[in-house]
Amino acid sequence: MDGLGGGVWELGVAGGVWERGVADGVRGRGTEDCGRRTLDYVRRTRCANRKPRTTGISVLSRADNQAQALQFPPGDLACNTVFTNGQQVRNCWLALSGAVGQVHVRARPLRRDGQLTYKAEYIWIDGTQPSARLRSKTKILADGAELPDWGFDGSSTNQAPGDNSDCVLKPVFSCPDPIRGGDHKLVLCEVYLVDGTPHPTNNRAKLLPVAEQFAEQDSWFGIEQEYTFFQEGRPLGFPAVGFPAPQGPYYCGVGADEVFGRDIVERHLDACLDAGLKVSGINAEVMPGQWEFQIGPAGPVEVADHLWVARWLLYRIAEEYDVAATLDAKPAKGDWNGAGAHTNFSTRAMREGYDAIITACEALGAPGKVEEHIAGYGDGIEERLTGAHETAPHDVYSYGVSDRGASVRIPWQVEVDKKGYIEDRRPNANIDPYNVTRLLVNTCCTALEKAGQV
């Protein structure tokens, strides 16, 4: 059926378009909403400060099966919140006053030159120092097409000079795009030079041979990614002048006076789940506007891939609320917690016996290893690892049972069970997870192999 705007619109569940009930972010409604009756088929959209994407719909009447195109302004959209100056706020449902029928709507661009298409969002890590940034751009591909290599201007991402600027994107991990929906994809890429070698900023390529070398030890990781929301130049929840109440009630808090940004956090969690990422939980952190999500358990490469994509989703969703999510290691100076990426690590031997756990802890404090790890654990680590705020000094190594003031914590249950994992509490929030997993696998697995604990 031809719809408004010269595009092809279709009915039903094909391609994740529209359907009755709750599935793939689509909710059927037949009740009054803001004084207007919704249609039988509606698509839930959750946006902030965005104009409605649809200015017309086609309704198929039950009585005569005759299609008629109807136009409506933003003010005629039903919404459980509000519209301000034509701007959609959030949790809005498409609806048409006084009509009950089946909605025909195009959920994604279906055709280009007569061919079905999907959007692939290519994501990569740039060369910004001291902490890399994420970049992304969209490629339109024919339905069913493989993800090809692509290129970009490395001189604009701190990865090449202007007179030799071409860099190559090689897809290494893809997942469903939970923001665009349908068959669209998120595509994480490694960066290569045009001669076919990994770019110097490509830390994933540096991890791969180490992960392969010690694959038989079956390393598992769980990374606790802390981050801080900022708006108008200050942490979310901080007043325009002065400071909020001291730390204490904010960690795992509830209530508008203790928690800030939950809408974004919940949307991010849903997006990670819809994308198939190995997210395992969320919680509010010690400072106002500070949160954490966890990725894992997963292997050294997979946990890092999923963490980078989860970060991209966090930034992308926070955009819609005019909020920035920062991984700064010390986002607020003074008596406020920093932001880390506590990294839980185990091998098969550690999950089976306590001696291997002690071997790993001792290996991390061996001569030269403390400095090597601290150098790869993120920028600004000296500001965060001071010995206060649940940290150990950055230049002093220690480990202990249930000790959050140690460099490495052995959970109390691990000591009871005499097997399990360790938590390296030193990594910053702004780590490159490929570096952290490479360092932990190399240091611990080398020592365990030498000790015959594999």
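Nothing in this text is a laboratory measurement; each read-out follows from the coordinates by a stated rule. Computed from a prediction, not measured in an experiment: that's the story for all the values here. Every residue, glycine among them, receives a Cβ derived from its backbone with ideal geometry; neighbour counts consider all protein chains shown.
Which of rounded, prolate, oblate describes region 214-292, given a ≥ b ≥ c as roots of the alpha-carbon gyration tensor eigenvalues and a/c under 1.5 marking rounded, otherwise prolate only if a/b is larger than b/c? Provide the component values of the computation, followed by the final result.
Details: a/c = 2.63, a/b = 2.05, b/c = 1.28.
Prolate.
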*Relative contact order of region 123-229: what whole-number percent is it, with Cα pairs under 8 angstrom and at least 6 residues apart?*
19 percent
*Cα-derived Rg to Rh of region 155-224, Kirkwood definition*: 1.07
*Could you pull out every one of the lysines with an alpha carbon less than 18 Å from that of LYS170, ignoring same-chain neighbours closer than 8 positions?*
LYS119, LYS137, LYS139, LYS185, LYS206
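Pull out the extension gain between LYS450 and SER398, defined as 0.36 nm times the separation in residues minus the alpha carbon to alpha carbon distance; nm, one decimal. Can you show the working numbers first?
Details: separation 52, 0.36 × 52 = 18.72 nm, distance 2.19 nm.
Result: 16.5 nm gained on full extension.
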*Excluding residues on the same chain fewer than 8 positions from LYS419, give the lysines whose Cα lies under 21 Å from its Cα.*
LYS450
*In nm, give the distance between the simple-model label positions of ALA256 and GLU382, each being 7 Å from the Cα along the Cα-to-Cβ direction.*
4.4 nm
*Proximal aspartates and glutamates relative to LYS330, as straight alpha-carbon distance under 19 Å, when same-chain residues fewer than 8 apart are discounted*: GLU224, GLU226, GLU232, GLU285, GLU292, ASP379, GLU382, GLU383, GLU390, ASP395, ASP424, ASP432
*Hz values of 3J(HN,Hα) by residue in region 161-167 - Karplus curve (6.51, -1.76, 1.60), Gly and Pro given as x*: x, x, 8, 7, 8, 6, 10
*Mind running the shape call on region 380-441? Use the C-alpha gyration tensor, a ≥ b ≥ c as the square roots of the eigenvalues: rounded below 1.5 for a/c, prolate if a/b tops b/c, oblate otherwise.*
oblate
*What percent does the relative contact order of region 307-390 come to when contacts are Cα pairs within less than 8 Å and at least six residues apart?*
30 percent
